[in-house]
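Remarks on the structure that follows.
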Amino acid sequence: MKTLKLVLILTIAAASLSCQKKEATIADELRTELLESSNKMYVIEREIPGAGSLSPAELEGISQLSCAVINDLGAEKIKWLHSYVANDKVFCVYMASSESLVKEHASQGGFPANLITEVGSIIDPSTAN
C-alpha cells in the first residue's frame, strides 16, 4: 500500500513538472526578449506612497504618460514590458539601450527611479526541468 501511494505521488509530481515544461510561460517570452534584443533588461523600483491604492483611472493615466515619454524617446531604444504594483512601490520591467535612458524616462515622466537593476538571467519553475 505504501509503495502504491509513493508511485501515485511521484506520478502526479512528474505530470505536474511535464505540464510546466510544455506550457509557454511569461518567463519564456522574457528570456527570448532578453536574448534577441540588442537592448538590456532592467527592473526599476519606484517608491510611490499609496501606489497599491491607486484607482484604475489613475493607473491608466500613469501608463499613458509612460507610453508618451517612451514614444518621445524612441520606442526602438526603450520598451516598457510590465509593472507590479504593491503597497508603496511599483516594480517596472523595461528593455532599454542603457541605464541612462531609463533614468531619462523617469525624469521626463516625473516618475521616481529609486533603484535600477540590470537583469542578467530569468528563471522560473520550468528552469528546474
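The values are calculated or read from the model by the stated rules, or taken from the named source; none is laboratory data. Just so you know, these numbers come straight off a predicted model, no measurement behind them. Backbone-built Cβ (ideal geometry, glycine too); neighbour counts: all protein chains shown. Heavy atoms of the whole protein, side chains included, go into the accessibility calculation; ligands, DNA and RNA do not. Shrake-Rupley method; radii C 1.70, N 1.55, O 1.52, S 1.80 Å.
Label-to-label distance, F91 versus S107, with points set 7 angstrom from Cα along the beta-carbon direction: 2.7 nm.
The residues E104, E47, sorted by heavy-atom accessible surface at 1.4 Å with ligands and nucleic acids left out, run E47, E104 from largest to smallest.
Between E58 and E99, the FRET efficiency estimated from the beta carbon spacing at R0 = 22 angstrom works out to 0.20.
In this calculation the C-beta distance from E33 to C67 is compared with R0 = 25 Å, giving a FRET efficiency of 0.90.
Would you please classify the overall shape of the range 50-129 from the alpha carbon gyration tensor, given that a ≥ b ≥ c denote the square roots of the eigenvalues, rounded means a/c under 1.5, and beyond that prolate means a/b larger than b/c while oblate covers the rest? Oblate, because a/c is 1.5 or more while a/b does not exceed b/c.
When F91, F111 are compared by accessible surface with a 1.4 Å probe, the order from highest to lowest is F91, F111.
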